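Here's the structure we're looking at; comments come further down.
The values are calculated or read from the model by the stated rules, or taken from the named source; none is laboratory data. Just so you know, these numbers come straight off a predicted model, no measurement behind them. Neighbour counts are summed over all protein chains in view; Cβ atoms, including those assigned to glycine, are modelled from backbone coordinates with ideal geometry. For the accessible areas, the whole protein counts, side chains as well, though only heavy atoms, and no ligand, DNA or RNA atoms are used. Shrake-Rupley method; radii C 1.70, N 1.55, O 1.52, S 1.80 Å.
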Amino acid sequence: MSAGATRVYVPADTSAVALGADRTARRLEALCDERGLAVTVVRTGSRGAFWLEPLLEVERDGQRIGYGPVQPEDLPGLLDAGLLSASEQAPGHLGPVEDLPFFRCQQRLTCARLGVVDPASVDSYREHGGLRALERALEMTPQALVDEVKTSGLRGRGGAAFPAGIKWQTVLDAPAADKTIVCNADEGDSGTYSDRMLMEGDPMALLEGMLIAGLATGARQGYIYLREEYPRARASLERAMTALWAAGCLGSNILGSGQCFDVALRIGAGAYICGEETALLESLEGRRGTVRPKPPVPAIAGLFGQPTLVHNVISLASVPAIISAGGEHYRGYGVERSRGTLPFQLAGNIERAGLVELPFGLTLRELLYEIGGGSRSGRPLRAVQVGGPLGAYLPESQWDTPLDYEAFAAIGAMLGHGGVVAFDDSVDMWEQARFAMAFCAAESCGKCTPCRIGSTRGVEIIDRLAAGADAEGDRHLLEDLCETMRDGSLCALGGMTPAPVLSALRHFPGDFQRPRGRPGQSESRHDTAPGPQIIPSTEAG
Amino acid sequence: MSEKEGDKDMQGLAQLTAPFRTVAGGLLPALHAVQDALGYLPEATTGVLAEQFNLSRAEVHGVMTFYHHFRRSPPGRHRVQLCRAESCQAVGGRALEAHAKRVLDIDYHQTTADGAVSLEPVYCLGNCACSPSVRVGDEVYGMMNVARLDALLAELRGGAEAVP
């Protein structure tokens with residue numbers, strides 16, 4: 001970087017790039033070159049205010065002044081108006097980014113560095129508080145580390161919300177020479193993208209969390225099972241791993257301590273079920289991603305039969321914040337048995353979609369309207385699905401439910417991974433119910449009958465409901481089938497698909513009584529096919 | 001194909017996958033290596049991997065057909081994936097799917113007659129803050145609508161390379 005060059009931060013996050021951030025960054029460099037302006041463009045992750053992307057941040061007097069959204073064609077005018085001196089006159093001026101109401105109302109513990117830090121630089125990571133937790137952890141005993149996690153009250157952020165401390169203790173206590181830390185980075189739920197953002201924008205936080213988990217449980221090998229759909233996260237993780245290796249943080253002598261830990265990155269292959277922890281382990285072992293019956297739990301017999309700590313990205317990335325500030329500090333956020341913060345993700349038909357890290361306890365309505373600004377289409381919101389494709393559809397009467405694990409469980413819903421997908425009044429809830437069943441049929445691993453067969457029969461019944469010949473009987477049959485799937489399935493795919501189906505049926509019955517044409521005619525024949533159909537090239541025309 | 005060419009293909013495949021023989025759980029990385037290099041998994045893959053990993057052909061076949069990502073026929077020049085998941089449905093994803101199939105005149109898992117585009121469904125690209133989403137190769141596009149999709153597809157069918 002040349003002396004006196006102005007630093008401009010431009011996100012390289014998937015969504016920011018989808019909105020034009022790469023073109024904006026390239027054009028900015030080219031224009032500054034033409035005009036002889038000294039500028040250093042730093043590519044970061046995104047802070048998560050996506051309606052402002054591409055969001056440029058100009059560093060001035062230690063503050064970052066935001067401009068957004070900035071498309072390449074806006075740049076000449078912006079530079080004329082004094083962009084590089086952070087002029088208030090430049091169009092799109094937002095002031096200091098951290099003072100924007102969207103960020104002021106948040107409390108970022110896990111995602112504090114997102115959009116701030118240079119994800120490929122260990123120095124930048126250190127500058128923003130990184131590796132402090134690792135240094136502290138190297139001076140603590142494994143039991144003290146596990147106790148800190150227990151104190152924090154952290155629960156698995158992937159969706160199941162199992163107390164993390166109990167898992168850590170189980171792996172620590174398991175007598176075995178080879179233990180493993182597995183990061184579940186198969187974030188497949190629609191409406192969720194916090195794992196992706198974190199891996200792209202602050203990958204070292206995840207790796208530091210895995211390192212600490214290794215020190216705490218006696219594991220020396222880590223795996224990240226990353227979904228194939230996230231190529232930018234893959235590149236970002238690879239760069240971060242290389243940089244941490246070079247800095248002596250990963251490998252056979254962590255920061256000179258004599259302790260060792262290594263991480264391998266594995267890529268999934270487009271199977272939703274591999275987000276289920278035992279299916280993920282099967283896949284890591286090189287097999288079909290079918291679910292294993294539990295017990296034994298992976299903490300006792302996981303990868304290759306060895307004790308394995310399986311955690312989602314956000315769970316592991318929360319560990320450095322817990323260890324550096326202490327479990328008590330983390331526990332100070334949240335309500336009841338939901339402690340700490342959760343990065344919620346606003347998606348679907350919402351005006352201000354983005355990442356919102358908050359302590360548990362806010363209501364869904366506050367999240368949708370005060371933070372999210374209501375629908376993107378301007379029409380009234382009608383249904384909200386929280387927690388991915390296996391989450392219930394919530395009608396307006398349930399939007400005052402506080403966002404905590406138990407309050408959601410009490411209404412038959414789940415927070416899951418914190419994804420919130422909003423639908424306006426144009427949504428057809430019969431179609432959503434049908435999709436939920438069809439998705440289960442397409443993604444079922446086939447191991448257990450209620451899920452494999454039940455989901456296909458479920459689609460058929462929902463189609464018959466639309467035909468309306470015996471609506472009462474079919475409705476009863478669907479409820480019965482859902483009960484069987486819920487109680488009889490091996491894992492959450494078959495077990496929780498009934499939630500979106502039955503919630504749609506119960507809260508939006510009118511949509512199931514509407515006369516329709518041939519059921520499912522708007523959908524392709526692939527909807528109910530279990531798995532992909534591979535058409536030989538000769539037939540593909 | 002002559003027997004000699006077939007042998008050569010097998011050797012090429014074996015070279016691609018050999019490094020993964022000693023990797024714990026190396027079958028998936030080996031399949032990825034083949035598809036990354038060739039764009040699909042040729043028929044000979046099953047036999048080569050069965051031999052290298054000391055598995056039955058049925059086991060290898062079972063793994064490669066389980067995962068949606070792996071394909072057993074060559075793709076078109078561009079692999080276009082439309083997101084079918086809920087966030088995209090909430091902002092017009094279904095209409096976009098129907099439109100794409102209509103203008104390309106193919107269904108999912110098919111390739112256009114000019115060999116330019118293979119159309120595939122995908123369940124979530126993690127781009128849900130700016131749905132609907134489309135992926136071409138490793139590029140993700142957000143806030144898609146019919147006009148933008150038409151322009152994108154026209155560009156893909158007109159030129160040989162993906163648009164920037």
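Can you give the relative contact order of the stretch A:334-424 as a percent, counting alpha carbon pairs under 8 Å and 6+ residues apart? Contact order relative to length: 35 percent.
Ordered by 1.4 Å accessible area with all protein chains kept, A:GLU406, B:GLU51 run largest first as B:GLU51, A:GLU406. Partner shielding of A:344-351 amounts to 5, given as the average count of beta-carbon atoms from other chains within 10 Å of each residue beta-carbon.
Expressed as a whole percentage, what fraction of the accessible surface of the protein assembly as shown belongs to carbon and sulfur atoms when a 1.4 Å probe is rolled over the protein heavy atoms? Ligands and nucleic acids excluded, carbon and sulfur reach 50 percent.
Note on the stretch A:6-104: percent of Cα-Cα distances in each 5 Å bin, starting at 0 and stopping at the bin with the largest distance, equals 3, 15, 28, 28, 19, 6, 1, 0. In whole angstrom, how far apart do the alpha carbon centroids of the stretch A:155-182 and the stretch A:291-350 sit? Between the Cα centre of the stretch A:155-182 and that of the stretch A:291-350, the gap is 9 Å. Binning the C-alpha pair distances of the stretch A:334-424 at 5 Å intervals from 0 yields a P(r) profile of 3, 16, 29, 28, 17, 6, 1, 0 %, listed from the shortest bin outward. Counting only protein chain heavy atoms and rolling a 1.4 Å probe, the accessible areas of B:LYS101, B:LYS8 rank, largest first, as B:LYS8, B:LYS101.
Beyond 21 Å, what percent of the Cα pairs of the stretch A:429-527 remain? Taking all Cα-Cα pairs of the stretch A:429-527, the fraction more than 21 Å apart is 25 percent. Beta bridges from DSSP with both residues in chain A: antiparallel share about 50 percent, rounded to the nearest 5.
The orientation-averaged shadow of the Cα convex hull for the stretch A:91-241, equal to a quarter of the hull surface, comes to 10.9 nm². Of the whole protein surface, A:THR242 contributes about 90 Å² of accessible area at a 1.4 Å probe radius.
Counting only helical runs of four or more DSSP H residues, what would the 222 nm mean residue ellipticity of chain A come to if each run contributes -39,500 (n - 2.57) and the total is spread over all its residues?
Per the formula, -11000 deg cm²/dmol.
Interface size, chains B and A: roughly 5000 Å² of accessible area buried, both sides included, 1.4 Å probe, rounded to the nearest 100. Of all aspartates and glutamates in the structure, the ones whose alpha carbon falls short of 14 Å from that of A:LYS179, not counting any fewer than 8 places away in one chain, are A:ASP262. Annotation for A:THR40 and A:GLU127: the two label points, set 7 Å from Cα along the Cα-Cβ direction, are 0.7 nm apart.
Of all lysines in the structure, those lying under 16 Å Cα to Cα from A:LYS150, and not within fewer than 8 positions of it along the same chain, are A:LYS167.
Relative to the compact-globule estimate of 2.2 N^0.38 Å, the Cα radius of gyration of the stretch A:123-331 comes out at 0.93. Max-minus-min Cα coordinates of the protein assembly as shown on each principal axis give 71, 63, 58 Å, with the largest extent listed first. Rg and Dmax of the stretch A:230-332, based on Cα coordinates, read 16.2, 43 Å.
Considering every residue in A:264-270, what mean count of other chain Cβ atoms within 10 Å of its Cβ is obtained?
Across A:264-270, the average partner-chain Cβ count within 10 Å equals 6.
Calculate, for the protein assembly as shown, the solvent-accessible area per residue in square angstrom, rolling a 1.4 angstrom probe over the heavy atoms of the protein chains.
37
Distance from the C-alpha centroid of the stretch A:32-95 to that of the stretch A:248-267: 38 Å, rounded to the whole angstrom. Dividing the mean sequence gap of close Cα pairs (under 8 Å, 6+ apart) by how many residues chain B holds gives a relative contact order of 17 percent.
Inter-chain Cβ neighbour count for A:8-15, averaged per residue, equals 3 (cutoff 10 Å, partner chain atoms only). If you take the Cα centroid of the stretch B:60-79 and the Cα centroid of the stretch A:378-420, the two points sit 36 Å apart. Ligands, DNA and RNA excluded, the heavy atoms of A:LEU138 present near 40 Å² of accessible surface to a 1.4 Å solvent probe. Net charge dipole, chain B: roughly 280 debye, given to the nearest 20, about the Cα centre with Cβ charges of +1 for Lys and Arg and -1 for Asp and Glu.
The Cα-based radius of gyration and maximum Cα-Cα distance (Dmax) for chain B are 18.1, 54 Å. Full extension of the chain segment joining A:ARG7 with A:ALA264 gains 89.2 nm, where the gain is 0.36 nm per residue of separation less the Cα-Cα distance.
Helices in chain B, meaning DSSP H runs of at least 4 residues, each add -39500 (n - 2.57). Divided by all residues, the mean residue ellipticity at 222 nm is -13500 deg cm²/dmol. One quarter of the surface of the convex hull around the alpha-carbon atoms of the stretch B:78-158 equals 4.5 nm², the direction-averaged projected area. The heavy atoms of A:ILE350 present about 0 square angstrom of accessible area, all protein chains included, probe 1.4 Å. The orientation-averaged shadow of the Cα convex hull for the stretch B:23-83, equal to a quarter of the hull surface, comes to 4.6 nm². Once the C-beta distance of A:ASP425 and A:GLU483 is scaled by a Förster radius of 30 Å, the resulting FRET efficiency is 0.50 to the nearest 0.05.
Largest accessible area first, the listed residues A:MET241, A:MET204 line up as A:MET241, A:MET204 when surface is computed with a 1.4 Å probe on the assembled protein chains. Rounded to the nearest 20, the Cβ-based charge dipole of the protein assembly as shown about its Cα centre (Lys and Arg +1, Asp and Glu -1) stands at 640 debye.
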